[in-house]
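Single-structure report; data block below.
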Amino acid sequence: MRTKIIAGNWKMNKTVQEGIVLIEEILKSAGKLQHENLQIILAPPFPLLGMASALTSDYRFISISAQNCYYKNNGAFTGEVSPAMIKSTGANHVIIGHSERRMYFHEDNSLLSEKIKVALQNGLTPVYCCGETLSERNEASHYDIIKNQLEETIFSLDEEEIIKIVIAYEPVWAIGTGVNATPEQAQEMHRFIRTQVALKFKDDIAEKIPILYGGSVKPENAYSLFSCTDIDGGLIGGASLNSNDFVAIINSMVEILRKK
Ligand code: PGA
């Protein structure tokens with residue numbers, strides 16, 4: 001069975017002190033959130049990575065992720081953070097290509113491709129995000145957009161590298177809007193992504209890669225989304241900032257796993 005993943009993307013929220021409170025609240029439920037096939041990822045802002053890694057170090061099923069990285073190992077790049085620095089905090093994942101990075105910071109596929117390579121070289125697992133805008137979906141170009149976002153980034157990796165990637169499908173129109181993709185819409189795109197991976201690499205590689213859904217996942221819709229065959233978990237924004245909601249979302253996945 002593919003590893004299931006629930007990841008919380010805190011975005012630019014929480015101070016160190018607030019982050020400690022949130023993590024301690026989540027850890028109170030740690031016992032019931034544990035399952036051999038489930039990995040929980042917390043992605044706080046850079047200044048919180050060391051603290052988050054230290055607080056969760058006794059919980060092997062919890063990993064820490066950065067939300068971004070630079071594509072150079074070091075040097076005169078004021079304000080940037082390298083994958084090696086992220087790794088040195090104890091974090092082992094990094095979100096790359098989130099639509100907010102693409103939109104507000106003009107990150108394109110060629111830059112993201114560089115970031116993915118350098119992240120992998122430094123032993124970080126990239127959580128690579130792709131997703132179409134509402135107008136692209138309305139124009140029915142969403143499949144072409146996603147295909148292009150895959151082809152120009154992770155499809156230049158070799159087999160040993162691609163197997164280390166986590167993909168997150170996050171339709172831009174669903175992020176922070178309260179309007180989630182329906183389980184049918186999400187499943188359809190996840191299937192499409194898995195098929196593209198199989199066509200480019202091999203069937204068994206495609207079968208192993210976790211594909212997460214992101215965009216207005218809430219306790220109310222998590223179960224139906226995570227029940228879909230090709231949806232291996234979620235990348236959760238707003239709802240990951242509230243421990244009750246985040247724990248309830250993780251519980252939906254645990255419930256599904258226990259029925260298998
Ligand atoms: P949301 O964000 O859950 O608040 O829609 C998801 C994301 O941007 O990763």
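The values are calculated or read from the model by the stated rules, or taken from the named source; none is laboratory data. Remember, it's a predicted structure, so these values are computed and weren't measured experimentally. Positions of Cβ are generated from backbone atoms using ideal geometry, with glycine treated the same way; all protein chains shown enter the neighbour counts. Calculation scope for accessible area: heavy atoms of the full protein, side chains included, ligands and nucleic acids excluded. Shrake-Rupley method; radii C 1.70, N 1.55, O 1.52, S 1.80 Å.
Can you list residues whose amide H is under 5 Å from Val217's amide H, if they're 5+ apart or on another chain and H is modeled 1.01 Å from N? Residues meeting the amide H criterion: Gly237. The distance between label points at Gln34 and Ser227 comes to 2.8 nm (points 7 Å beyond Cα on the Cα→Cβ vector).
Remark: the chain carries a charge dipole of roughly 600 debye about the Cα centre, counting +1 on each Lys and Arg Cβ and -1 on each Asp and Glu Cβ. Sequence-ordered 3J(HN,Hα) estimates for the range 85-94 from the Karplus curve with 6.51, -1.76 and 1.60 and θ = phi - 60° stand at 5, 4, 4, 5, 7, x, 6, 9, 10, 8 Hz, glycine and proline given as x. For the range 176-230, the relative contact order is 52 percent, taking Cα pairs closer than 8 Å that sit 6 or more residues apart in sequence and dividing their mean separation by the residue count.
Give the separation of the Cα centroids, the range 163-205 to the range 244-260, in Å. That distance is 20 Å.
Might you report the magnitude of the Cβ-based charge dipole of the range 198-239 about its Cα centre, with Lys and Arg at +1 and Asp and Glu at -1, to the nearest 20 debye?
Using Cβ point charges on Lys, Arg, Asp and Glu, the range 198-239 gives about 140 debye.
Remark on Gly8: its backbone amide H falls under 5 Å from those of Ile41, Leu42, Ala43, Ile236, a criterion applied only to residues 5 or more positions apart or on other chains, H modelled at 1.01 Å from N.
Karplus-based coupling profile of the range 155-167, in residue order and whole Hz: 7, 8, 6, 8, 4, 5, 7, 4, 5, 8, 8, 10, 9, with θ = phi - 60° in 6.51 cos²θ - 1.76 cosθ + 1.60 and x standing for Gly or Pro. Across the chain, the relative contact order, built from alpha-carbon pairs under 8 Å that are at least six residues apart, equals 21 percent. For the set Glu25, Glu132, Glu255, the ranking by accessible area, highest first and with no ligand, DNA or RNA atoms included, is Glu255, Glu25, Glu132 under a 1.4 Å probe.
In the chain, taking the dipole from charged Cβ atoms about the Cα centre, the farthest positive-side position among Met1, Leu22, Ile96 is held by Leu22.
Close amide H contacts of Glu107 (hydrogens built in the peptide plane, cut-off under 5 Å, sequence separation of 5 or more or a different chain): Arg102. Using Cβ point charges alone (K and R +1, D and E -1), the dipole size of the range 1-136 about the Cα centre works out to roughly 300 debye.
Give me the compactness ratio for the chain, meaning the Cα radius of gyration over 2.2 N^0.38 Å.
Dividing the Cα radius of gyration by 2.2 N^0.38 Å gives 0.93.
Computed 3J(HN,Hα) for the range 239-254, one whole-Hz value per residue from the Karplus formula 6.51 cos²θ - 1.76 cosθ + 1.60 where θ = phi - 60°, is 6, 7, 8, 10, 4, 4, 5, 5, 5, 5, 5, 5, 4, 4, 5, 4, glycine and proline marked x.
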